[in-house]
1. In the chain, which helices (entire DSSP H runs) extend 27 Å or more along their own long axis, judged by Cα positions, while averaging at least -1.0 on the Kyte-Doolittle scale?
2. In whole Å, what are the extents of the chain along the principal axes defined by its C-alpha atoms, from largest to smallest?
3. Grab the beta carbon distance between L124 and K216, set R0 = 25 Å, and tell me the FRET efficiency rounded to 0.05.
4. Gain in length, W316 to K345, computed as 0.36 nm per residue apart minus the alpha-carbon separation, to one decimal in nm?
5. Pull out the extension gain between V326 and E303, defined as 0.36 nm times the separation in residues minus the alpha carbon to alpha carbon distance; nm, one decimal.
6. Among the listed pairs K104/K352; K267/K336; K267/K329, give every one whose C-alpha distance is greater than 19 Å.
7. Can you tell me how much longer the chain between N81 and I3 gets when fully stretched, taken as 0.36 nm per residue apart minus their C-alpha distance, in nm with one decimal?
8. What ranking, highest mean first, results for peptides 286-295, 362-371 when packing means the other Cβ atoms within 10 Å averaged over each residue?
Amino acid sequence: MDIEERLSLITRYPTEEVLTIDELRQYMETGARLKHYIGFEISGYIHIGTGIVSLSKVVDLQKAGVEVSILLADIHSWLNNKLGGDLDLIRKVANKYYVETFKKAIEVLGGDPNSVNFYMASDLYHNNDEYWYLILDLARMTNLADIRHSLTILGRKMGESIPMSWLVYPLLQVADVFVIGSHIAHGGIDQRKAYVLAREVALKVRFYPLTLNGEKVKPIALFHSLIPALNITGKESKEELSELKMSKSIPDTAIFLHDTEEDIRQKILKAYCPPREIRMNPVIELAHLFSFRERRSEPFIIERPQQYGGGRLEFWTFDELVKAYVEGKIHPLDLKNAVVNEVIKRLDPIIKWFQSGQGAHLLEEMNNIMKITR
């Protein structure tokens, strides 16, 4: 696979932005093995935003010859009071439910789960003076405005009442990039500001500087798109979308990897899907993710009832589908029914995994944990 083919894999949907593609190409041209990382908070059930969107990009990077790593962000989750702020419980969920579910999803997506590096964040910090010197070094190089700018919209709106732990959080995010030695720092587009900050300080850090063939370099920042919450209204700004992505804490907004076929069907049929409108349309995004990410061997089919014009529509590309939808040739309900079938078909191996054996056992444990932490 040549460099352009590898770049094509890395930059295809759901990639939304790469800072910068030219730098990434230059890094690849050195012939060095590049390292990647993405971090996940340990909070609740894993939904498709994490288990399919994020991990499909991890698999793309793996296929492109990048060494991929997943950070299980236990300390970050504890700072944000996830799972009741119980650090031991957070680590238990991370090591069992998260790791095994991630491995299964990576396998189903066509990747190699056994070659993924899993790190527990606290293991990187434990008895590691240089990590804490790095945090202090980052604090020396940044100011309060930098940190506040790296927060979510909610944090920026809260003014002086923001929890102090939220101000520490961006420093942890930036430090993780360097401690793991990640040439490619990967996250959702809502993580953009933190990884831009990592690029800004990269050539100045003294502890764990990022190097490539002995030279200090900036991390490449790779951002994937977000699947809007299923109950989004369409009135939100693009910036506000980062606060309105699928949420573990609001089940009706998200499709979870353990959802049954009927759960998936009902959620999609109830989802926001305005006619002719593709902006912030979660059903259109689901079609893109599950039906058009890979080259199709058979068409995407939409069946239209006879009383509404009837006939079967066939699409081979996402652009064709979007054009027909914007022109009003596809009714939202017909689109939803077609997308339901595709999502269920693609998720079928994971759905079945959660219904028996190891997956069922993990889900039962997780159900019990969620009952006591809500």
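Laboratory data are not the source of any read-out in this text; all were calculated from the coordinates shown. For clarity, every value in this text was computed on a predicted model and none was experimentally measured. Neighbour counts run over all protein chains shown; Cβ positions are idealised from the backbone, glycine included.
1. Within the chain the helices that satisfy the rule are 332-353.
2. For the chain, the Cα extents along the three principal axes come out at 70, 50, 44 Å.
3. 0.75
4. Separation in residues times 0.36 nm, less the Cα-Cα distance, equals 8.7 nm.
5. 6.5 nm
6. Violating the 19 Å Cα-Cα cut-off are K267/K329.
7. Length gained between N81 and I3: 23.8 nm.
8. Result, highest mean Cβ count within 10 Å first: 286-295, 362-371.
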